[in-house]
1. Could we say that GLU152 is modelled with pLDDT of 70 or more, open to solvent by less than 80 Å² (accessible area, probe 1.4 Å) and within 18 Å of the chain's Cα centre (by Cα) here?
2. On the basis of being over 27 Å from THR278 (Cα atoms), of a type outside the set (A, V, I, L, M, F, W, C), at pLDDT 90 or above and open to solvent by 60 Å² or more (accessible area, probe 1.4 Å), does GLU246 make the cut?
3. Going through the range 88-116 one residue at a time, which ones are of a type in the set (S, T, N, Q) and open to solvent by less than 90 Å² (accessible area, probe 1.4 Å)?
4. Quick one: which of GLU267, GLU274 is at pLDDT below 85 and in a loop (DSSP other than H, G, I, E, B)?
5. Out of ILE11, ILE32, ILE22, I need the residue that is free of Cβ contacts under 8 Å to residues at least 12 places away in the same chain and either among the basic types (Lys, Arg) or under 21 Å from GLU84 (Cβ atoms) (or both). Which one?
6. Only one of GLU78, GLU115, GLU88 is of a type in the set (Asp, Glu) and closer than 30 Å to ARG275 by Cβ; which?
7. State whether one or more residues within the range 8-21 are more than 60 Å from the chain's Cα centre (by Cα) and either of a type in the set (Ser, Thr, Tyr) or assigned to a helix (DSSP H, G or I) (or both).
8. When you go through (1) farther than 21 Å from GLU165 by Cα; (2) modelled with pLDDT under 75 one by one for ALA288, which number turns out not to apply?
Amino acid sequence: MFFQYLRDRRILVFLLFLLILIFTVVFVLFQIPLPAVLYAAALFSVAGIPVAVRDFLRCRRQHRRLCRICSSGIVFPEELPVPETLEERDFHALILRLCQDREAILAEQMQMQQETENFYTLWLHQIKTPIAAMSLLLQQNTDLDASQLRQELFKIEQYASLTLEYLRIGSIAADLCAQPCSLSDVVRQAIKKYAPVFIYKKIGIVTEGLDRTVISDEKWLVFVTEQLLSNALKYTSSGEIRIWSEWTDDAGTVLYIQDTGIGIRSEDLPRVFERGFTGSNGRIDKKATGLGLYLCNMVCQKLCHKLSITSKPGEGTCVCVHFGRQDVQVE
């Protein structure tokens, strides 16, 4: 400990020996009597040695206390020694900042873990519903309604797909591949997937103005379109769903998906992109997860797109995907 202390104070030790050397040379040059030199050295020792001993003892005390804190396992900021120097105060402030960051990260991890557990709990209840419905249809009679069975099986596939995308959303950045994408191809893939639902619910579909190319990731853009289309179908019992795109000088290409469903209350609109928020419509559809729009918004943010919603209760909802002015127009 003592030698480590000397190494830490090596600059001061060097200055001390340099000072002694300078004074010795000066005393010799001016032929000062030896008793005067010894007297000055004694006064310097009497004044300096206690200060050096006190500083050494303070450093040793701080070192031992910090060693005990490190060996105790979990370190709490209030256990740290009181800083005495400017450098110690700076390090103390830095440690407090690191502790705050650690607590924030732990709190976020706990929240994510809790949300994941809640999601899986809800998902298990959701997927049991179509399975139970299929089992009941099979038990009731042999004259099965194939369309109902297909609808229940489709729900199971959707729940499983949504779970996979939910797990992958944290590492989406590594999976992105931005390139020119045809809006007509993207929308066609989404409509093809939900064609059985359109037929089963007897809901019309209208598309126009989709002959545009945008810069995006086709796979994730298809996922966003499918989720928006799924929401439109879920809350629309009659009428039609209209999909079109427009180009504006200010916002570039905008994709619109408009339904004639039950709509969203104005007080719910600011929160529709929050994780787990279901709003008043979620109380109607008790199986709603509140994750579809959240995942769509997360994906759009990663793709540098913007998602917005306008709606009126009883008149339907219109979801807009803003691609920005980096989009490519097809002549």
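1. Working: modelled with pLDDT of 70 or more: yes; open to solvent by less than 80 Å² (accessible area, probe 1.4 Å): yes; within 18 Å of the chain's Cα centre (by Cα): no.
No.
2. Numbers: over 27 Å from THR278 (Cα atoms): yes; of a type outside the set (A, V, I, L, M, F, W, C): yes; at pLDDT 90 or above: yes; open to solvent by 60 Å² or more (accessible area, probe 1.4 Å): yes.
The answer is yes for GLU246.
3. Taking the range 88-116 as the starting set, the residues that turn out to be of a type in the set (S, T, N, Q) are 100, 109, 111, 113-114, 116.
Listed by number, the list holds a single entry, THR116.
4. Details: GLU267 fails: at pLDDT below 85.
Just a single option satisfies the conditions, and that option is GLU274.
5. On the way: ILE32 fails: either among the basic types (Lys, Arg) or under 21 Å from GLU84 (Cβ atoms) (or both); ILE22 fails: either among the basic types (Lys, Arg) or under 21 Å from GLU84 (Cβ atoms) (or both).
Going through ILE11, ILE32, ILE22 in turn, the sole match is ILE11.
6. On the way: GLU78 fails: closer than 30 Å to ARG275 by Cβ; GLU88 fails: closer than 30 Å to ARG275 by Cβ.
Step by step, each of GLU78, GLU115, GLU88 is checked, and only GLU115 is of a type in the set (Asp, Glu) and closer than 30 Å to ARG275 by Cβ.
7. Step one: of the range 8-21, the residues more than 60 Å from the chain's Cα centre (by Cα) are 20-21.
Add one more test, that the residue is either of a type in the set (Ser, Thr, Tyr) or assigned to a helix (DSSP H, G or I) (or both), and what stays is 20-21.
There is at least one residue in the range 8-21 that is more than 60 Å from the chain's Cα centre (by Cα) and either of a type in the set (Ser, Thr, Tyr) or assigned to a helix (DSSP H, G or I) (or both).
8. (1)
The values are calculated or read from the model by the stated rules, or taken from the named source; none is laboratory data. Here the structure is a predicted model, which is why all the values come from computation and not from measurement. Positions of Cβ are generated from backbone atoms using ideal geometry, with glycine treated the same way; all protein chains shown enter the neighbour counts. When the accessible area is computed, the model is the full protein with side chains, heavy atoms only, and any ligands, DNA or RNA have been set aside. Shrake-Rupley method; radii C 1.70, N 1.55, O 1.52, S 1.80 Å.
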